[in-house]
Amino acid sequence: MNDFIPYGRHLIDSEDIQAVVETMHSDWLTTGPRIELFENAFASFVSSKHAVALSSGTAALHAMMFAIGVGANDEVILSPMTFAASANAILYQKATPVFCDVEKDTLLIDPNRIEKKITPRTKALLAVDYAGQPCDYEALAEIARRHDLFLLADSCHSLGAEYKGRKIGEIADLTAFSFHPVKNITTGEGGMVTTGHGEFAGRIRSFRNHGIKTDHKQRFEQGTWFYEMVDLGFNYRLTDIQSALGMSQLSKLPGWLEKRRSIARTYKESFSDLEAVEPLVSHPDRNHTYHLYVIRLDLELLQAGRKEIFTALRNEKLGVNVHYIPVHFHPYYREKFGLGPGLCPVAESAYERIITLPLHHGMDERQVEQVIAAVRKVIRRYSK
Ligand SMILES: *Cc1c(COP(=O)(O)O)cnc(C)c1O
């Protein structure tokens, strides 16, 4: 009996539940001690000086834009092969997202195309570690240095990844992570920014709390009521309940990453004889997290398009998906900025042929076998 296998899924065990229950019996449900404990554990995990917890990955991206002072006259360069939230965060600050095309084999931003997109208004580069593979940070840092830009990272896919031996979270000026249930660890909803700059960390701490300089716990400890709002912030706080879950999840991440990498190797080997299936290239100098396992279809070798292959795989109970519709294809971006097809041809052509297969750390061997058998069956059926 085959059951539906989602493309990504959380894994919660009794330790996680225990951590949440203990917090619910404690004095602090939010703005309490578990937030700092989670932030410290996280900062140490990614070798970063500072970590600031937020209510979502989107809030983390927004806070990051705020921290470096992105504003109405600024442009931020990013790839369109991402979730809309990466670009939306730029719009929240009234700045303009500038889409730069990707490398064909990795779908990561192509460093060779960035400089053509730089103008006097460019403020930052936003690297998106698509599928869990780090971007070419050496090349990006060099461009950022040459043009005096901030290097930001949307690493919502790549918690636990490394680039040339350095942890994702310690390389860019600021890095954003997400703890949505499909991500590498979860807090239900949640996010984090890591940075080596204390000033940015401080601005984000205030931004997540309405732009107020102190939080409730600090005032409680100082025995004062007085507070000052100095920026227009938001309520972007993560709760102690979520932080307890995040800490418990984080302790399991190394084992989960091993599992993800092992499933990815098994897929790659199992599809190596299927000419119509091309995995994305993963560079040996980068330690990939396989948040997504994306295959490209060679449509010339198939009698069907991506849509039919997708439906056939869904009929085999695989929760296949497509990551992503290029952001500039969404009606909001088309209408507001006059964008559309032709802007980033490599990303647009990839979009026609990519499929995300189920891969998550809770999968058992039988499910991995089910994915392999279904892909082999469907691809053989539609091969020319
Ligand atoms: C999930 C994700 C986000 C948004 O994170 P949320 O926690 O859902 O707000 C942003 N960017 C990328 C690349 C993502 O995958």
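If the limit is 22 Å between Cα atoms, which of Lys104/Lys384; Lys307/Lys384; Lys259/Lys307; Lys116/Lys164; Lys268/Lys317 go over it? Going by Cα-Cα distance, Lys104/Lys384; Lys259/Lys307; Lys116/Lys164 fall outside the 22 Å limit. Its residue count N fixes a reference of 2.2 N^0.38 Å for the stretch 1-150, and the Cα radius of gyration divided by that reference is 1.29. Taken over the stretch 197-267, the convex hull of the Cα atoms encloses 150 Å³ per residue.
Compute the FRET efficiency between Lys384 and His216 as 1/(1 + (r/R0)^6), taking r as their Cβ-Cβ distance and R0 = 56 Å, and round to the nearest 0.05. Working shown, then result.
Values: r = 65 Å, r/R0 = 1.16.
After rounding, the FRET efficiency stands at 0.30.
Based on alpha-carbon atoms, the Kirkwood radius and the radius of gyration of the stretch 135-211 give Rg/Rh equal to 1.00. Structural descriptor for the chain: relative contact order 23 percent, calculated from alpha carbon pairs under 8 angstrom and at least 6 residues apart. Would you work out which of Leu125, Phe310, Gly8 lies farthest towards the positive end of the dipole of the chain? Charges go on Cβ: Lys and Arg +1, Asp and Glu -1. Toward the positive end, the furthest listed residue is Phe310. A Förster radius of 41 Å, combined with the Cβ-Cβ distance separating Thr311 from Asp13, puts the computed FRET efficiency at roughly 0.75.
When only the Cβ of Lys, Arg, Asp and Glu is charged (+1, +1, -1, -1), the dipole of the stretch 99-173 relative to its Cα centre reaches about 260 debye.
Exposed loop sites, defined as GluC sites (Glu not before Pro) outside DSSP H, G, I, E and B with at most 16 other Cβ atoms within 10 Å, are absent from the longest region of the chain, namely 1-227. Between Ser26 and Ser47, the modelled label-to-label distance comes to 2.9 nm, taking each label 7 Å out from Cα in the direction of the beta carbon.
Here the chain is assigned +1 on the Cβ of each Lys and Arg and -1 on the Cβ of each Asp and Glu. Its dipole about the Cα centre then comes out at about 560 debye. By its C-alpha gyration tensor, with a ≥ b ≥ c as the square roots of the eigenvalues, how is the stretch 344-384 shaped: rounded for a/c under 1.5, else prolate for a/b larger than b/c, else oblate? Oblate is the answer for the stretch 344-384, as a/c is 1.5 or above yet b/c matches or exceeds a/b.
Pull out the extension gain between Lys268 and Asp3, defined as 0.36 nm times the separation in residues minus the alpha carbon to alpha carbon distance; nm, one decimal.
Length difference between fully extended and current span is 93.1 nm.
Taking Cα centre as origin and charging only the Cβ of basic (Lys, Arg, +1) and acidic (Asp, Glu, -1) residues, the dipole magnitude of the stretch 1-155 rounds to 720 debye. The shape of the stretch 16-82 comes out prolate: with a ≥ b ≥ c from the C-alpha gyration tensor, a/c is at least 1.5 and a/b beats b/c. Diffusion coefficient (Stokes-Einstein, Kirkwood radius over C-alpha pairs, 4 °C, 1.567 mPa s) for the chain: 60 µm²/s, rounded to a whole number. Within the shell defined by Cβ-Cβ distances under 12 Å, the residues around Ser251 carry a net charge of -2, with Lys and Arg each +1 and Asp and Glu each -1. When a/c is below 1.5 the answer is rounded, else prolate if a/b is larger than b/c, else oblate, so apply that to the stretch 227-359 with a ≥ b ≥ c taken from the square roots of the Cα gyration tensor eigenvalues. In terms of gyration-tensor shape, oblate.
Among Gly165, Ser79, Ser55, whose Cα sits farthest toward the positive end of the charge dipole of the stretch 34-168 (+1 at Cβ of Lys/Arg, -1 at Cβ of Asp/Glu, about the Cα centre)? Working it through, the farthest residue towards the positive pole turns out to be Ser55.
The simple Förster model, with R0 at 22 Å and r as the Cβ-Cβ distance, assigns Asp364 and Val322 a FRET efficiency of 0.30. In the stretch 105-246, taking the dipole from charged Cβ atoms about the Cα centre, the farthest positive-side position among Leu232, Ser206, Thr195 is held by Leu232.
Read the figures in this text as sums done on the coordinates, not as results from a lab. Model, not experiment: these values are computed from the prediction. All Cβ positions, even for glycine, are placed from backbone atoms using ideal geometry, and neighbour counts span all protein chains on display.
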